[in-house]
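Below you'll find the structure, written out as structure tokens, and then a few comments.
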């Protein structure tokens, strides 16, 4: 692959580009799908491609291809040049990044994951179905999947950069539907790890079954203003659809963000810290460098409730005359965009999960949210349904909630955090404990 | 290309598959993003690859690759059959498929200005113009972002039973997102238009009027107040009715969820599930519909499927497997996002049929309620039947009149209760385009209907 990239770079320079960058990736995904208490299908996906970005007469051009023949590379380089001509000179672009020493990251590639055999995965999947059905007679339907991915990323540019790294990850999900006395309820669990050995499939199943069963005795509640405990998975769903895109420099520079003009201002309760850590061992988005080859480093995003930094790629950083923070991400078929790596939320006000709940006079524990993707990423407004929620009274969990909605604004919610739970979990690219939040609006 | 298709199917059968289907696709794509007066992004490229699905020993397996190298395809066919056989050892029940007739067809959706041929400069100018129109509307507009997307897709679908279909489809789309700022208030509005055609669609598209309407709404929403929360009578506009129909009813009618006993509509055929005003179709044949298709990705002819007939559940959406399991007829419900994904049961154009109420009649009877328009999307838990949809625009209804604009708000409910709480169905109708996501795959889907009134609906405001 590196040879192909270098060929593309040479061609670009030959055709008159002043700088050329080539990004390539290849991956193999293997997935075993479970549906209706049985193995549904086994899937294997091989994918590779390259994206060529270049500067021609001061303009940026980009084109991609999945066909790596010489002819196709030649066509793609020419296409990128024609795009650069049409775009015209860009006032902000200065240069692709120069190669700099890159750090070591622990735990992003595991043989255990790459060498995990498909027949083993099929066996595990079948086992999960049996386990779930045995666990409780009210379980009617088991679905889910086991997914194993391995890939390699390559980045090269005409300034002498030539970097690559391998990575792997595994995930498992279980979706249980149980029925009792005419009521049905679902329970969902998901685990995503770099090392497949860290996934306890049985316990995942048991937890999903419990969640489903726990919701069979759901009752209606009366809405109103109340305290809310957001479990880590609910925090992840809300954050990834609001904060994660609002904090990127492109949205801030283009005024498409509720975090415009908020740098060095208080945007959350005083005890809240958010760190972006691409070097976190075994982090799902951990990497030695970003999608432009910029070395990874830890970045404090929020400290004591104060917004300390936005996230930048090279282009957006050059626009403000600063260094990229290393947050370019992409696949081969697009130019880089900006997104967080791993976000770690912590607080000076942390309590045990039990203590969090004991502080609630009247409120809801919210574990799963329906419709988080409909949050308004520009304004931070959201109005979502509670997918899995439990009513709390006088510090005690009473019963699961039949139907409720949570409406609000993410900045208002961040300001009203009271404490963070010590029930810290890694969910996707987010590490957080539960959040205790006062004064939220619940409709029912 | 036909030779290659024959080759792959032949290899799969020779390795022991009892059935195989393959899709080879070449997809030309363009994406242009314009922010204010500047081009933020231009991505052009070609995707090309194949997806093979086999049935061996009663188990399915699927492989995909974006290379058409013959040796690789041979290896993949072998490993695909091997995986299916492995999986068969651990399956509780063997897969069987409903019989269908073989189809041979060559379909080209006509376009005079094909997306992959039209000059990039022409496309760029459309995006820049729309952005300019949007900003010219009002000085409080601080950002207009335009996304122009197109694709030209050549697809071959073939099965080991002898079906061979070539299907060529052009698609173009444009989205506009406008952000307005005033005295610390921020608001935004967005909309999109999609065409199953080439750029000839833009010759009669009033870009200026369209952009201004979006800007006007963004500015209007600067004055919006937080919505009330609780139970109210609401009116959903055709867009939101469409999303409700798709999310709450359509998904629950998908054959895979029925076979798996995940759906709330499992074993309910012939039962009353909604008010008699409610009739719902999933119609793959709707003329020029964004989700229309003549054949599905198993090569099965599609149709106009009646799902709910005056409140009675009468149909499901099926692929060949779910049709066999349910003892029904396959009706062309298998769709894949592209060659990288296997076909799964999907909707096409899902809509509620119009009734005979006028909008004015519906509003005039409401003392205090909410009028919800448009949708930024929604989600549903088909097992519990809980749905959520977010409106793009909302207004308070007081004493039979539409009064103040409200901030972002969603509607949530339980499907079976809500279908019975529909007490008025409008005589108007609109179908619009969207993308439906399921199992990690996005496919074009149409959603629509008339204005609809729902009593006792939960509105998730923050007041």
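Descriptive notes on the structure:
- Modelled FRET efficiency - R0 45 Å, residue A:355 with residue B:367, Cβ distances, 0.05 increments: 0.50
- Anisotropy class of region B:197-294 from Cα gyration tensor, a/c 1.5 cut: oblate
- Sequence ranges A:182-191, A:75-84, A:160-169, ranked by mean other-Cβ count within 10 angstrom, highest first: A:75-84, A:182-191, A:160-169
- Relative contact order [Cα under 8 Å, 6+ residues apart], chain B, whole percent: 16
- A convex hull fitted to the Cα coordinates of chain B yields 147 cubic angstrom per residue.
- Across the alpha-carbon atoms of region A:103-230, the computed radius of gyration and Dmax are 20.3, 68 angstrom.
- The calculated P(r) of region A:203-361, using every Cα pair and 10 Å bins from 0, goes 9, 31, 31, 18, 10, 1 in percent.
- Every pair of different Cα atoms in region A:2-216 enters the Kirkwood calculation, which places the hydrodynamic radius at 20.3 Å.
- Measuring how big region B:40-192 is from its alpha-carbon positions, Rg and Dmax come out at 23.7, 67 Å.
- Helix B:120-136 vs. chain B, principal-axis angle (Cα, 0 to 90°, nearest 10): 20
- Summarising the label geometry, the points placed 7 Å from Cα in the beta-carbon direction at residue A:162 and residue B:455 lie 7.6 nm from one another.
- Amide N proximity, region B:166-195 versus residue B:140 label position 7 Å along Cα-to-Cβ, cut-off under 16 Å: B:178-190
- Evaluated at q = 0.10, 0.17, 0.22 Å⁻¹: base-10 log I(q)/I(0), Debye formula over Cα of region A:337-444: -0.30, -0.91, -1.48
- Residue ranges B:157-167, A:344-354 sort as B:157-167, A:344-354 when ordered by packing (mean number of other C-beta atoms within 10 Å per residue, highest first).
- For chain A, the longest principal axis of the alpha carbon atoms and the long axis of helix A:201-214 meet at an angle near 50°.
- Sorted into 10 angstrom bins from 0, the C-alpha pair distances of region A:159-242 split as 14, 28, 32, 15, 7, 4, 1 percent.
- Residues within the reach of a label modelled at residue A:265 (point 7 angstrom out along Cα to beta-carbon, backbone nitrogen below 16 Å), restricted to region B:163-188, are B:180-187.
- Take every Cα pair under 8 Å whose residues are at least 6 apart in sequence, average their separation, divide by the length of chain A, and the relative contact order is 16 percent.
- Helix-only [θ]222 nm of chain A, DSSP H runs n ≥ 4, -39500 (n - 2.57) each, per residue, nearest 500: -6500 deg cm²/dmol
- Between residue A:93 and residue A:106, the simple spin-label model (points 7 angstrom out along Cα→Cβ) gives 4.0 nm.
- According to the Cα-based calculation, Rg over Rh for region B:378-463 is 0.98, with Rh computed by the Kirkwood formula.
- Calculated FRET value between residue B:216 and residue A:14, using beta carbons and R₀ = 41 Å, to 0.05: 0.20
- Remark: the protein assembly as shown is approximated by an ellipsoid whose semi-axes, taken from the C-alpha gyration tensor as √(5λ), come to 37, 35, 31 Å, largest first.
- For the residues A:203, A:329, A:69, a GNM of chain A with alpha-carbon springs under 10 Å puts the largest fluctuation on A:69.
- Two-site FRET efficiency, residue A:197 against residue A:308, from Cβ-Cβ distance with R₀ of 41 Å, rounded to 0.05: 0.65
- Sorted by Cβ density within 10 Å, fewest first, the residues B:452, A:114, A:392: A:114, A:392, B:452
- When chain A is treated as a Gaussian network with alpha carbon springs shorter than 10 Å, the biggest mean-square fluctuation among A:286, A:178, A:112 belongs to A:112.
- For the peptide A:126-139, the mean number of other protein chain Cβ atoms found within 10 angstrom of a residue's Cβ is 1.
- Placing a pseudo-label 7 Å from each Cα along the Cα-to-Cβ vector at residue B:417 and residue B:3 gives an inter-label distance of 6.4 nm.
- Cα centroid separation, region A:100-148 to region B:242-320 (Å): 33
- Cα centroid separation, region A:220-279 to region A:293-307: 15 Å.
- Summarised in one figure, the compactness ratio Rg/Rh of chain A, Cα atoms and Kirkwood Rh, is 1.01.
- Between helix B:207-220 and chain B there is an angle of about 60 degrees, using the helix long axis and the longest principal axis of the Cα atoms.
- From its DSSP helices (H runs of at least four residues, each -39,500 (n - 2.57)), chain B gives a residue-normalised ellipticity at 222 nm of -6000 deg cm²/dmol.
- The slack in the chain from residue A:74 to residue A:320, taken as 0.36 nm per residue of separation less the alpha-carbon distance, amounts to 85.1 nm.
- Convex hull of Cα atoms in region B:35-98, direction-averaged projection (nm²): 8.0
Rule-based calculations on the coordinates, nothing more; no lab input. Every value quoted in this text rests on a predicted model; they were computed, and no experiment measured them. Backbone-built Cβ (ideal geometry, glycine too); neighbour counts: all protein chains shown.
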